[in-house]
1. In deg cm²/dmol and to the nearest 500, what is the mean residue ellipticity at 222 nm of the chain if only DSSP H runs of at least 4 residues count, each as -39500 (n - 2.57), divided by the residue total?
2. Please state the relative contact order of the chain as a whole percent: Cα pairs under 8 Å, 6+ residues apart?
3. Report the dimensions of the stretch 81-238 along its three principal axes from the alpha-carbon atoms, largest first, rounded to Å.
4. How charged is the neighbourhood of Pro140? Take every other residue with its Cβ under 12 Å from the Cβ of Pro140, and add Lys/Arg as +1 and Asp/Glu as -1.
5. Mind ranking Val8, Val195, Val268 by accessible surface for me, highest first, 1.4 Å probe?
6. Taking 0.36 nm per residue of separation and subtracting the Cα-Cα distance, what length does fully extending Arg429 through Asp305 add?
7. Going by average Cβ neighbours within 10 Å, how do the peptides 414-425, 22-33, 134-145 rank, with the highest at the top?
8. Take Ala267, project a point 7 Å from its Cα along the Cβ direction, then tell me which residues of the stretch 214-241 have their backbone nitrogen under 12 Å from it.
Amino acid sequence: MASKHILVVDDEIGIRELLRDILQDEGYQVQLAENAAAARAARLHERPDIVLLDIWMPDCDGITLLKEWANSSLLTMPVVMMSGHGTIDTAVEATRIGAFDFLEKPIALQKLLKTVSAALKHSEQLPKSEMNLTSLGKSPIVTALKDRLDKIAVGVSLTPILLIGPKGCGAELCARYLQDAGSPWLQLTDFNQLVDTPLDILEAIRGGVLYIPEIADLKKAEQKGLLLLIAKSEKYHVRVVCGTSENLPKLQAESLFDHNLFQALSAVSLRVPALDEHREDIPDLVVAIANLQLELAGLEYREFDIAALNGLRNANWPGDLAQLDAAIRNLIHTSLGDKITLDDVKRVLHQFDDPEVQVKTAEIKKHKPVQVEETNTATAVNLSFLNQPLREARDDFERMYFQHHMKDALNNMSKLADIAGLERTHLYRKLKQLGIKIK
């Protein structure tokens, strides 16, 4: 059986080496880090079984590093804090963040070995690492989402919750955030159970969470069964969480979605932001996903250079978080260099592009901007924006599109919204984002 791996983080060389000698004599594999920067690098490249972390270090204190790991979904191992100037307040703060225990220096030999042994037993009981709501980011829009979920979680009532957002947006992470530790979880895929045995579902996950990823996929009879299940769910202490990327009011108006079920789900609904709305979180998401591949699939950790992270942040993600996750795994599996570069990112993001489109774009780049005559107007369209990165090109195209149709609509916003197929509030937000003044 492989020896357990312990990471010792302390800025005093004498303490580091003493702890290493003691723990190696006990059969442990020990890695040393003299500061927070070295500890960060060590944690990214390998998940230790436990960490002994000094609080007082010159570059970054241990409490701050502990918070950083917790906020980046990297606190997946027991951390034992160490300090020669410890206070009760500091110990309480460390425990609140997620530390397993607290040792005061000088550390007695038996106390050290007993704490390490207990931490290792605790490590074996920890659940496998997984993406969670903390992984989604720290941007204001994600922070507000967490705050609203916290408010719902502490409420007395188990009112069902509707999560609204594009496919792959991370709605499941929100649903799991509402699950109490150790309680049952069921992601329902067999909708026939809603018709045949809805109460059996509740009995099987008593005290847990029932999650339905796309509520619009339910047929009429299944919707009726879910409504019955919701009516009985509080008796079984079950939280029902449903996700949707569809326009439920429209489906209800077309008699495709049960009116009473819609009313029940509308009582508590939250919108989960698309990845495009919090691009600033993408670099941290990339690191979290790459680290998960290290822990779950045993893949070597691959570092992304700054240009690669910027390329991912500026890319278009129609498949949202699920597409980003797939792209990161692809990059880790197929990139050849020591670091993943912008060229690697471009290779993976554009490998499914239509070859004919790529050839035409290449031809456009060789020549001056092409003037294409429209069939219904005398206006010539300048295609030089095709030479730009995707995000800038998309903005230029949308700007040209709206400016063209604003003339046809005579600046009538209702008519322009109909032409574009957008809600008026979305239209106003889009025009403002593109810098188009509304006359």
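The values are calculated or read from the model by the stated rules, or taken from the named source; none is laboratory data. Keep in mind it's a predicted model, so treat the numbers as computed, not measured. Cβ atoms come from the backbone with ideal geometry, glycine included; neighbour counts cover every protein chain shown. The area values use the complete protein model at the heavy-atom level, side chains included, leaving out ligands, DNA and RNA. Shrake-Rupley method; radii C 1.70, N 1.55, O 1.52, S 1.80 Å.
1. Values: 20 runs with 219 residues, N = 439.
The helix-only estimate for the chain comes to -15000 deg cm²/dmol at 222 nm.
2. So the answer I get is 11 percent.
3. Between the extreme Cα coordinates on each principal axis of the stretch 81-238 lie 68, 35, 28 Å.
4. Every neighbour counted, the sum reads -2.
5. On the way: Val8 0, Val195 75, Val268 40 Å².
The ranking, largest first, comes out as Val195, Val268, Val8.
6. Computed gain between Arg429 and Asp305 is 41.3 nm.
7. 134-145, 22-33, 414-425
8. 230-235, 240
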